[in-house]
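The values are calculated or read from the model by the stated rules, or taken from the named source; none is laboratory data. Predicted model, so just to flag it, every value in this text is computed and none were measured. Here Cβ is always computed from backbone atoms with ideal geometry, including for glycine, and neighbour counts include all displayed protein chains.
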Amino acid sequence: MNTELRTGVFICHCGINIAGVLDVKGLCEYAKALPNVVTAQANLFTCAETGTSEIKKAIKDNNLNRVVVAACTPRTHEPLFRASCQEAGINPFLFEMVNIREHCSWVHRHNKEAAQAKAEDLIRMAVSKAAYLEPIETFRSKVEPITLVIGAGIAGMTSALAIADQGFEVILLEKGKNMGGLLRHLHKIAPANVTASELIDEKIAAIKKNNRIKCFTSAVLEEVTGYVGNFSVKFSCGNNSHTCKVGVIIVATGGVSLRPEGLYNYDGKNVITQSELEIKLKKGDIEAKSIVMIQCAGARIPERNYCSRICCMVAIKNSLYIKDIIKDTNLFVLFRDIQAYGVENEALFLKAREAGVRFIRYSPDTPPVVENGKVKIYYPSMDKEVSLPADLIVLSTPIVAHDDAESISRILKVPINENRFFLEAHAKLSPLDFAFNGIYLCGNAHYPATVREATCQALGAASRACITLSHETIERVGTVASVQEELCSVCFTCVKVCPYKVPHMNERGRAEIEPMQCQGCGICVAECPAEAIEFKYISDKQIMAACEALLAS
């Protein structure tokens with residue numbers, strides 16, 4: 001072990017989050033006795049300005065070349081502490097962080113003695129691992145100041161316009177013949193009661209007028225290669241093939257209303273969907289005197305176990321509009337649960353009840369039965385089955401993913417969930433990002449959303465994209481996999497197992513990993529039979545040092 005190592009340990013009280021369970025002063029005394037530790041300090045809030053200033057001061061005063069911080073989650077605070085190390089003059093990757101809040105004080109608050117022992121173990125392991133940390137350099141790549149937006153519904157058009165307004169070029173792909181997506185089939189948009197066609201026409205006109213946006217309709221995405229800042233895209237429009245370079249990609253492919261074949265005697269005439277009702281409302285083609293709407297038609301069932309969220313508000317909105325134009329219409333909404341989240345939506349729900357729309361809850365065990373122009377349903381408050389006459393039956397079906405979702409996910413190398421909606425990197429920390437850097441997500445491609453929600457997500461995705469586009473070059477830290485060519489046996493294992501298809505064989509016939517593309521998942525490192533691939537910052541030596549420290553009580 002290098003005798004020149006000089007490690008500083010900084011332990012956070014985190015108010016009472018840590019200090020309320022752990023003896024922070026005792027942990028400092030314990031850390032001081034560990035090999036290579038020259039200073040150990042306690043901070044009330046290490047992430048605050050005073051805490052980071054103390055780290056920088058201690059690095060200079062004690063000539064530290066390794067830093068260990070024992071605090072809360074690295075997910076949110078590690079970048080801050082790395083930056084502090086860099087500002088103090090040492091490589092930010094000569095830093096190790098220990099989570100003694102989530103891993104100790106929070107989960108073992110009823111057993112303080114065990115929590116203290118575990119915190120000591122974690123700090124000892126981190127100090128041992130830090131001895132084998134090596135400086136890691138960053139990589140830089142040029143950024144193409146162009147965005148590819150896939151999908152020209154309300155989300156895609158909004159994000160394209162927002163990015164163009166920031167001065168960047170946009171390539172907008174729409175697989176249909178016209179822009180507009182689902183909004184083209186809507187009549188009114190609740191709760192603001194905006195006419196959908198007016199909103200769509202306004203967006204389309206703005207896009208056609210904007211010379212920074214190139215829109216391609218009837219477009220099919222065929223291939224995407226490269227990495228953040230430097231994607232190479234191939235797509236076709238009819239018989240014409242196009243290739244382009246873009247810096248970032250936004251997925252706004254939207255969704256489609258489920259066609260409920262085989263449900264409730266659906267025939268598209270007397271039994272229709274809410275989408276088909278919207279078309280009738282646009283044409284003014286409604287004469288029914290008794291209408292029954294059935295919620296969750298094709299949703300919240302084993303084959304499709306999610307709630308589409310927006311169906312209830314669509315039914316309430318359309319019920320109110322029908323009551324407005326045909327006041328004596330008998331209108332029933334048969335529901336399992338009502339999703340009317342938010343003050344405005346709740347107000348619309350109450351307004352519909354006041355207008356005479358009758359809401360009847362049904363159980364999935366006794367669903368409504370449609371036959372001969374009537375709907376039979378068990379009415380719980382009357383404890384009997386009732387028969388509702390219906391000139392028109394409207395099924396509220398869920399938004400489902402497009403058929404090409406799997407194809408696009410493979411082309412972009414981004415994940416989809418079991419319902420084929422695209423899956424974000426983290427629901428709270430990165431709700432608009434994919435794990436693959438430089439690709440963003442918004443609208444119904446992610447999950448069923450209202451127009452307002454899709455618009456907000458589109459603006460958020462545009463903002464995330466512009467962060468990258470605003471730089472001439474992009475920097476990528478070197479915490480990636482690297483091949484030692486002399487050990488490579490050309491077995492192609494890394495090529496087969498990488499979910500991002502990054503490893504490839506170079507001109508020397510050996511495996512090579514492009515650092516700007518590598519996502520740092522480590523699968524190739526674990527699978528390589530020749531142990532020719534190493535992962536920067538998490539080497540075998542570091543892991544073994546931490547394990548040996550754990551066993552050396």
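When we screen Arg510, Arg476 for residues that are without any contact (Cβ under 8 Å) to a residue 60 or more places away in the chain, basic (Lys, Arg) and surrounded by 13 or more Cβ atoms within 10 Å (Cβ to Cβ), the only hit is Arg510. Just wondering, is there one or more residues in the stretch 395-413 that are of a type in the set (D, E, K, R), surrounded by 18 or more Cβ atoms within 10 Å (Cβ to Cβ) and outside the structural domain of Ser275 (by TED's automatic domain parsing)? Yes - at least one qualifying residue is present in the stretch 395-413. Among the candidates Glu534, Glu486, the residue that is surrounded by fewer than 13 Cβ atoms within 10 Å (Cβ to Cβ) and among the charged types (D, E, K, R) is uniquely Glu486. Selection over the stretch 493-536 of residues that are farther than 24 Å from Arg410 by Cα, not in a strand (DSSP E or B) and not hydrophobic (A, V, I, L, M, F, W, C) gives a count of 7. Restricting the first member to the stretch 271-284 and to residues that are within 12 Å of Val394 (Cα to Cα), and the second to residues that are of a type in the set (Phe, Trp, Tyr), the beta-carbon pairs closer than 9 Å and six or more apart or on different chains are Val271/Tyr264; Ile272/Tyr266; Thr273/Tyr266.
From the list Ala19, Ala33, Ala40, the one residue that fits, being loosely packed, with under 13 Cβ neighbours inside 10 Å, closer than 25 Å to Leu550 by Cα and not charged (D, E, K, R), is Ala33. Filtering Ala297, Ala288, Ala315 for residues that are part of a loop (DSSP other than H, G, I, E, B), surrounded by 22 or more Cβ atoms within 10 Å (Cβ to Cβ), touching a residue at least 24 places away in the same chain (Cβ under 8 Å) and assigned by TED's automatic domain parsing to the domain that holds Ala390 leaves a single hit, Ala297.
Do you know which of the residues in the stretch 490-501 that are under 28 Å from the mean Cα position of the chain (by Cα) and modelled with pLDDT of 90 or more is surrounded by the fewest Cβ atoms within 10 Å (Cβ to Cβ)? Break it down stepwise before answering.
Kept after step one, since they are under 28 Å from the mean Cα position of the chain (by Cα), are these residues of the stretch 490-501: 494-501.
Now drop any that are not modelled with pLDDT of 90 or more, which leaves 494-498.
Values: Cys494: 24, Val495: 15, Lys496: 11, Val497: 14, Cys498: 21.
This residue is Lys496.
Taking the criterion of being β-branched (Val, Ile, Thr) and either over 19 Å from His77 (Cα atoms) or touching a residue at least 40 places away in the same chain (Cβ under 8 Å) (or both), the residues of the stretch 25-54 that qualify are Val37, Val38, Thr39.
Rundown of residues vs (1) over 11 Å from Gly8 (Cα atoms); (2) assigned to a helix (DSSP H, G or I); (3) at pLDDT 95 or above; (4) under 37 Å from the mean Cα position of the chain (by Cα), yes/no style:
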residue: Cys28; (1), (2), (3), (4): no, yes, yes, no
residue: Ala31; (1), (2), (3), (4): no, yes, yes, no
residue: Gln41; (1), (2), (3), (4): no, no, yes, no
residue: Ser53; (1), (2), (3), (4): yes, yes, yes, yes
residue: Ile59; (1), (2), (3), (4): no, yes, yes, no
residue: Leu64; (1), (2), (3), (4): no, no, yes, no
residue: Val68; (1), (2), (3), (4): no, no, yes, yes
residue: His77; (1), (2), (3), (4): yes, yes, no, yes
residue: Phe81; (1), (2), (3), (4): yes, yes, yes, yes
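Filtering Glu134, Glu144 for residues that are among the charged types (D, E, K, R), assigned to a loop (DSSP other than H, G, I, E, B) and either out of contact with any strand residue (DSSP E or B) (no Cβ under 6 Å at 6 or more places or on another chain) or crowded, with 23+ Cβ neighbours inside 10 Å (or both) leaves a single hit, Glu134.
I'm trying to understand the selection: among the residues of the stretch 246-276, which are at positive phi and either in contact with an Asp or Glu (Cβ under 8 Å, 6 or more places away or on another chain) or basic (Lys, Arg) (or both)? Selection gives Asn265, Gly268.
Answer with yes or no whether Val490 is farther than 28 Å from Glu78 by Cα and assigned to a helix (DSSP H, G or I).
On the way: farther than 28 Å from Glu78 by Cα: yes; assigned to a helix (DSSP H, G or I): no.
Here the answer is no, as Val490 does not meet what is asked.
List, please: which pairs have Cβ atoms under 6 Å, are six or more places apart or on different chains, and start with a residue in the stretch 163-191 that is acidic (Asp, Glu) and end with one that is in a helix (DSSP H, G or I)? Close Cβ pairs (under 6 Å, with a partner that is in a helix (DSSP H, G or I)) do not exist here. Could you please let me know if Met125 is touching a strand residue (DSSP E or B) at 6+ places or on another chain (Cβ under 9 Å), assigned by TED's automatic domain parsing to the domain that holds Glu198 and either under 19 Å from Ile18 (Cα atoms) or modelled with pLDDT of 95 or more (or both)? No, not satisfied. Using the structure shown, decide if Thr46 is buried (at least 20 other Cβ atoms within 10 Å of the Cβ) and either over 30 Å from Ala552 (Cβ atoms) or of a type in the set (Ser, Thr, Tyr) (or both). Judged against the criteria, Thr46 is a match.
Pairs meeting the criteria (first residue in the stretch 517-540 and of a type in the set (Asp, Glu), second residue assigned to a strand (DSSP E or B), beta carbons under 7 Å, at least 6 apart or on different chains) are Glu534/Ser482.
Looking only at residues in the stretch 507-530 that are aliphatic (A, V, I, L, M) and out of contact with any strand residue (DSSP E or B) (no Cβ under 6 Å at 6 or more places or on another chain), which one is nearest to Glu486 (Cα to Cα)?
Ala530
Remark: pairs (first residue in the stretch 454-468, in the same structural domain as Ile154 (by TED's automatic domain parsing); second residue in a helix (DSSP H, G or I) and surrounded by fewer than 20 Cβ atoms within 10 Å (Cβ to Cβ); Cβ separation under 9 Å; 6+ apart in sequence or on different chains) = Ala462/Asp165. When Thr243 is tested against (1) in contact with an Asp or Glu (Cβ under 6 Å, 6 or more places away or on another chain); (2) of a type outside the set (D, E, K, R); (3) loosely packed, with under 14 Cβ neighbours inside 10 Å, just one condition goes unmet, and that condition is (1).
The set of residues in the stretch 83-102 being surrounded by fewer than 17 Cβ atoms within 10 Å (Cβ to Cβ) and within 27 Å of the chain's Cα centre (by Cα) consists of Ala83, Glu102. Looking at Ala160, Ala205, just one residue is over 27 Å from the mean Cα position of the chain (by Cα), of a type in the set (Gly, Ala, Ser) and in a helix (DSSP H, G or I), and that residue is Ala205.
Conditions tested, residue by residue: (1) within 30 Å of Ala390 (Cβ to Cβ); (2) at pLDDT below 95.
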position	(1), (2)
Glu222	no, no
Gly238	no, yes
Ile249	no, no
Lys269	yes, yes
